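The values are calculated or read from the model by the stated rules, or taken from the named source; none is laboratory data. All of these numbers come straight from a predicted model, not from anything done at the bench. FYI the Cβ positions are ideal-geometry reconstructions off the backbone, even for glycines, and counts take in every protein chain you see. These accessible areas exclude ligands, DNA and RNA; they are computed on the full protein's heavy atoms, side chains included. Shrake-Rupley method; radii C 1.70, N 1.55, O 1.52, S 1.80 Å.
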Amino acid sequence: MRHLYLLLTITMLLFATGCTNPGSTLSFSDFGANADTREDASIAARRLIAQLQSKQDRAHTTILFPKGRYDFYPDSAFVREYYISNHDQDNPKKVGFALENLRNVTIDGQGSEFVFHGRMIPVALLNSENITLKNFSIDFEIPALRQLRVLEVNKENDEIIAEIYPSNHYRIDDEKLIILGETYELRPETAMSFREDKRLTYLRRDLSFNPQSVSEKSPNILSLKGWDQVDETSPGERFVLRSYYRPTPGIFLSESRNTVFENVKVHYAEGMGLLAQLCENITLHGFSVCLKGDDDPRYFTTQADATHFSGCKGVIVSQNGLYEGMADDAINVHGTYLRVTKRVDNHTLQARYMHYQAWGFKWGDPGDSVQFVESEKMELVRGGINSIESVKAIDKPTDFGAKEFEIRFTRPLPLEISEEGKYGIENLTWTPEVLFSGNIVRNNRARGSLFSTPKRVLCENNLFDHTHGTAILLCGDCNGWFETGACREVIIRNNRFINALTANYQFTNAVISIYPEIPNLEDQQQFFHSGIVIENNTFEMFDRPVLYAKSTDGLIFRNNTITHNQEFKPFHWNTHPFFFEKVKNVLIENNRFDDGFNKATDIKTLLSEENAVTVK
């Protein structure tokens, strides 16, 4: 990992070089904003950013916010058309801080609370360089999620009586619950179930919110009848009601370089907590997606992932953060496959974005390195790495808002690539190294951490505490999510896993799940992942499955400690600590099991050579 640390050091030195000039200091109050007044600070944000964009020099500018609460309303906010990876592409969007085309700026909230109203992107950072944002929190006055606290369960009447939070912002139409935001309304489709200790409920995932009738017994006290959750529900349980809609991340980064977040907290967003696309070098230090403390009445934070990095490069650093209560993963790092739709000639292909939430943004530049994958077997097409000579949008004048591109390559294309098969294109230039260290991931839906990059990944010294699904996933999928790609060097060490995988989700075959999506695994000849080391971790387990791996050549599991407890009853269909499908060069050595280890029963291997797994 010396290369990773060297690159990280160089990155930070370069960032510091651009910021050593002390420059000037401004106060947000100079632009007409006053803390703790509930007045609209959006107007002051517009004035501030206009002045920053008018700068003619590269001197560093620091903006200080006198500590307090600042409210931002959509009526006076920026209005922007943004296409955001892994979000719903509805436009226009209201934006609190549209930080665009800036250089050498620090925004220091000095412990302030930024509270947003309606449906907004609180912070957007585009086409900028050497930007630091620190010491503030992001929240919304009225979140789109709703929380039910169960007061009574009347099984004989098929009824649940519950108190709704936040109060008052709802109505009932034709016995259906309607959530009222400040500028929108929606009907909840699904629910997350939490225990009183704010952990997601054992075995209960993605519950359909489909009561036959909802009525009001008194203000904010609801009667839900005919819901199929009655038999499994107890007083004190919380249901977090939500839709699958994700229009706005809390923080949106695009095409920016050398961005640092320090001590920033996102308490709620109607999408990801932070979404970065096409950025280079991002550091999160003490960045958290979290509740406001033990006394916070909420059980939820973001509608989707805490942090998400799509098509980035350089180094992504996430250290000393707290990620809890999300409706999805703590971190997801990936690129995006394009699907080949037409072979134009021996140097030119047409290809398109495939997922309905991932399109409209730039995919590649001339000079970028690419490779091709056959989707059914997830195998690289013979012929090696190619590069882009030119790329242009087909369905739009530019790549802004486009779904389909015509790409010309410098070298001749392999003969088999055409629209007759299923082929994807992966951009290798826009892939990052990752350091995920010293973080706490707990009490969230789905999975903990996802890494899909061919560059080095170091995941160390983290606590994964009751993630509802798999704690760590190495994926790769050119069939559904279209998220690249194969991992080549991943080190997972010195982490602690406490009773992960208390429910089943997609790709969650063990606490650590190496699970590329491969429809035709049996006929696959090339392995997808390689170079994975899992060492010196502690697994505190109530169930059996520790490690699952598919299509992997080169996997070491060593010096780990596995202990068992009785917090929950084992339930998982995978009853083997180690389950491998089509693997090679797997080494299991020097691990400690509190209940012993039996190679014959504790390892299951499919579609692999006889000596694919070595145990020492």
Worksheet item: Can you spot a residue in the range 374-384 that is in a loop (DSSP other than H, G, I, E, B), within 29 Å of Asp305 (Cα to Cα) and open to solvent by 20 Å² or more (accessible area, probe 1.4 Å)?
Response: yes
Worksheet, complete the sentence: Scanning the range 162-219 residue by residue, those among the small types (Gly, Ala, Ser) and surrounded by fewer than 19 Cβ atoms within 10 Å (Cβ to Cβ) turn out to be Ser167, Gly181, Ser208, Ser213, Ser215, Ser218
Worksheet item: So which residues in the range 197-251 are in a strand (DSSP E or B) and either free of Cβ contacts under 8 Å to residues at least 24 places away in the same chain or on the phi > 0 side of the Ramachandran plot (or both), if there are any at all?
Response: Ser208, Ser218
Discussion item. Taking the conditions exactly as written (touching a strand residue (DSSP E or B) at 6+ places or on another chain (Cβ under 8 Å), in contact (Cβ under 8 Å) with a residue 60 or more places away in the chain and open to solvent by less than 10 Å² (accessible area, probe 1.4 Å)), does Val344 satisfy them or not?
Written reply: no
Worksheet item: If you scan the range 529-553, which residues turn out to be in contact with a Ser or Thr (Cβ under 6 Å, 6 or more places away or on another chain) and open to solvent by 10 Å² or more (accessible area, probe 1.4 Å)?
Response: Thr538, Glu540, Arg544, Asp553
Fill in: Selection count, the range 284-324, where residues are in a loop (DSSP other than H, G, I, E, B) and among the small types (Gly, Ala, Ser)
6
Discussion item. Against the conditions (1) free of Cβ contacts under 8 Å to residues at least 60 places away in the same chain; (2) within 30 Å of Ala327 (Cα to Cα); (3) not in a loop (DSSP other than H, G, I, E, B), where does Ala402 fall short? Just the number, please.
Written reply: (3)
Worksheet item: Can you name every residue in the range 87-116 that is open to solvent by 10 Å² or more (accessible area, probe 1.4 Å), of a type outside the set (Asp, Glu) and outside any strand (DSSP E or B)?
Response: Gln89, Asn91, Pro92, Asn101
Discussion item. Where the second residue is part of a loop (DSSP other than H, G, I, E, B) and modelled with pLDDT of 95 or more and the first is over 9 Å from Gly271 (Cα atoms) and open to solvent by 10 Å² or more (accessible area, probe 1.4 Å) and lies in the range 297-308, which pairs have Cβ atoms under 7 Å and are six or more apart or on separate chains?
Written reply: Arg298/Leu291; Tyr299/Lys198; Tyr299/Gly325
Worksheet item: Inside the range 252-283, can you point out the residues that are hydrophobic (A, V, I, L, M, F, W, C), over 12 Å from the mean Cα position of the chain (by Cα) and in a strand (DSSP E or B)?
Response: Phe252, Leu253, Val260, Phe261, Val264, Val266, Ala269, Ile282
